[in-house]
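Coordinate-derived values only; no laboratory data. Keep in mind the model is a prediction, meaning the values are calculated, not measured. With ideal geometry, Cβ positions are generated from the backbone for all residues, glycine too; neighbour counts draw on all protein chains shown.
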């Protein structure tokens, strides 16, 4: 079963995590929040940055420490263009298969690799135990989940279906998950320009999540 839109009861079962962003900015304009997981990589991330810039959009990139070590220039470009970066662990580990101690080490390793002090964190696969979440929250992390999941990595899923579902569920405050990864590239290249155009026509601002 694919839940493009997170059912209302899931945030209720998993509190102390961010499922939606502010609906309006300080000027009263409606906002949505595009996020990109698993980069940065040279095959996809620079293309995403160019598309965002063409539409005046800001976004949040939940990057993997291993990729940041390989491509630090892309990480710097993300920040230079006014986007924010979040922690997605050092090597994309699954919380439910990792001890709390090892999980926290993965989170810290990301900071060591990137030299970034971001407090935005998204668990890979959305999998994080209550103990891990509690520890990270006590350390000052904001655990960012999502309102809408694009499923862009599922190659058997037609891009038009993804686009239709995003249009159907987008609303002010939505946090949308895309992936700047090779696995998602085919669908992302078809869907992202269309959804950027759609959001612009709706008069909504595409904002980055703050890390303060």
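With R₀ fixed at 30 Å, the C-beta to C-beta distance from residue 157 to residue 8 puts the FRET efficiency at about 0.80.
Considering only alpha-carbon pairs that sit under 8 angstrom and 6 or more positions apart, the relative contact order computed for segment 104-160 is 32 percent. For segment 81-212, the equivalent ellipsoid derived from the alpha-carbon gyration tensor has semi-axes of 29, 17, 14 Å in decreasing order.
Applying 1/(1 + (r/R0)^6) with R0 = 35 Å to the Cβ-Cβ distance of residue 100 and residue 70 gives a FRET efficiency near 0.80. For segment 86-136, the relative contact order comes to 53 percent (Cα pairs under 8 Å, sequence separation of at least 6).
Contact order, relative form, for the chain: 33 percent (alpha carbon pairs under 8 Å, 6 or more residues apart, mean separation divided by residue count). What shape does segment 22-106 have by the C-alpha gyration tensor, where a ≥ b ≥ c are the square roots of the eigenvalues, rounded means a/c under 1.5, and otherwise prolate means a/b greater than b/c and oblate the rest? Because a/c hits 1.5 or more and a/b fails to exceed b/c, segment 22-106 counts as oblate.
Highest average first, the peptides 185-193, 21-29, 151-159 ordered by how many other beta carbon atoms sit within 10 Å of their residues are 185-193, 151-159, 21-29. Under the rule a/c < 1.5 gives rounded, and otherwise a/b versus b/c splits prolate from oblate, where does segment 1-65 land using the Cα gyration tensor? The shape class here is oblate. Kirkwood hydrodynamic radius of segment 128-199, from the reciprocal of the average inverse Cα-Cα distance over all distinct pairs: 13.7 Å.
Classify segment 68-124 as rounded, prolate or oblate from the Cα gyration tensor: take a ≥ b ≥ c as the square roots of its eigenvalues, call it rounded if a/c is under 1.5, otherwise prolate when a/b beats b/c and oblate if not. Prolate. Note on the chain: antiparallel DSSP beta bridges, both residues inside, total approximately 10 percent of the bridges counted. Its residue count N sets the reference 2.2 N^0.38 Å, and the alpha-carbon radius of gyration of segment 85-158 equals 1.15 times that reference. Solvent-free Debye calculation, one equal scatterer per alpha-carbon of segment 27-66: log10 I(q)/I(0) at 0.22, 0.24 Å⁻¹ equals -0.75, -0.85. The DSSP beta bridges internal to segment 1-126 are antiparallel in roughly 10% of cases.
With coordinates expressed along the principal axes, the C-alpha atoms belonging to segment 1-144 extend over 41, 37, 32 Å, beginning with the largest. Our estimate of slack between residue 81 and residue 26, defined as 0.36 nm per intervening residue step minus the Cα-Cα distance, is 17.7 nm.
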